[in-house]
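Enquirer: Structure below; questions to follow.
Here, each number is a calculation from the coordinates, and none is a lab measurement. Quick caveat, the model's predicted, so the values are computed rather than measured.
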Amino acid sequence: MTIDNTLIAVIKYNAGNIHSVVHALRREGVEPVVTDDKKLILCADKVIFPGVGEASTTMRYLHEHGLDTLIKSLTQPVLGICLGMQLMCSHSEEGDADCLGIFDVDVKKFVRTSDEDKIPHMGWNQITELRSPLMENVIDKGYVYFVHSYYVPLCAETIARTDYLIPFSAALNKNNFYATQFHPEKSGTVGSKILQNFLNL
């Protein structure tokens, strides 16, 4: 549960991919607690909000369990991953879902412009234009792993960019909230460094 008396909470909800995040944290020497206990999440030193799923049904679940209000109220470092990042935005075209509104930007669906365009965006791609403490000492143009059909446009909170069909936000940061569209837990040494940076915030 802790490392050096630091509690890392992984939010438990109706989304996939939590186990791979837990395994990645263990590789970094951390034994996180996977929980939907509000008091435990509030007192955690850092919180991870992972996710693979569909935006509208997931937002409905978060609302029904009071996790939407809880996540927005957190003051410690929070890391959203994949769907977690998209749900931290204002609105998603996936299911026409109103989201948490932490980042003032809407989530859009990739649009094919030719028969060769493949959606979802799946596989390894580069991240560039890195900034913020989350990206400290991360190599520019390093490769990370993506699986997504919806994207966050470039915006004021963008801290990493990727180009696939169009340029989009690979990562975001606003105050204590950080997020990645890619999966750092599946992104080799680059992803490991990003997780280390988050754990060291």
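Enquirer: Which one, LEU134, LEU83, LEU25, has the greatest fluctuation when you compute a Gaussian network model over the chain with C-alpha springs under 10 angstrom?
Expert: Comparing LEU134, LEU83, LEU25 in a Gaussian network model of the chain, the most mobile one is LEU25.
Enquirer: Taking the Cα atoms of the chain alone, what are Rg (to one decimal) and Dmax (as a whole number) in Å?
Expert: Expressed in Å, the Cα Rg and Dmax of the chain come to 15.7, 53.
Enquirer: Let me see the pair-distance distribution of the stretch 138-201: every alpha carbon pair, 5 Å bin width, integer percents in order.
Expert: All Cα pairs, binned at 5 Å, distribute as 4, 17, 30, 27, 18, 4, 0 percent.
Enquirer: Tell me, what HN-Hα J-couplings in whole Hz come from the Karplus equation 6.51 cos²θ - 1.76 cosθ + 1.60 at θ = phi - 60° for each residue of the stretch 178-195, using x for Gly and Pro?
Expert: So the J values, rounded to whole Hz, are 10, 7, 10, 6, 7, 9, x, 5, 10, 10, x, 5, 5, x, 4, 5, 5, 5.
Enquirer: Show that you can apply the helix-only estimate: for the chain, add -39,500 (n - 2.57) for every DSSP H stretch of four or more residues, divide by all residues, and state [θ] at 222 nm to the nearest 500.
Expert: Working: 6 runs with 50 residues, N = 201.
Helix contribution divided over all residues of the chain: -7000 deg cm²/dmol.
Enquirer: Hey, which lysines would be in cross-link range of LYS141, C-alpha to C-alpha under 18 Å, not counting anything within fewer than 8 residues on its own chain?
Expert: LYS186, LYS193
Enquirer: Okay, moving on. Can you work out the Karplus-derived ³J(HN,Hα) for every residue in the stretch 73-86? Use 6.51 cos²θ - 1.76 cosθ + 1.60 with θ = phi - 60°, whole Hz, and x for glycine or proline.
Expert: Along the stretch 73-86, the couplings run 8, 5, 10, 7, x, 10, 10, x, 10, 6, 4, x, 5, 5 Hz.
Enquirer: Percent relative contact order of the chain, based on C-alpha pairs within less than 8 angstrom and at least six residues apart?
Expert: Relative contact order for the chain comes out at 18 percent.
Enquirer: Beyond 15 Å, how much of the Cα-Cα pair distribution for the stretch 73-117 remains, as a whole percent? Write down the numbers at each step before the final one.
Expert: Working: 488 of 990 pairs.
Considering the stretch 73-117, 49 percent of its Cα-Cα pairs are separated by more than 15 Å.
Enquirer: Highest GNM mean-square fluctuation, the chain, Cα pairs closer than 10 Å: which of ILE139, ILE81, ILE71?
Expert: ILE139
Enquirer: Rounded, prolate or oblate: which one fits the stretch 1-77, using the alpha carbon gyration tensor with axes a ≥ b ≥ c (rounded when a/c is under 1.5, else prolate when a/b beats b/c, else oblate)?
Expert: Details: a/c = 2.62, a/b = 1.38, b/c = 1.90.
Oblate, since a/c reaches 1.5 and b/c is not below a/b.
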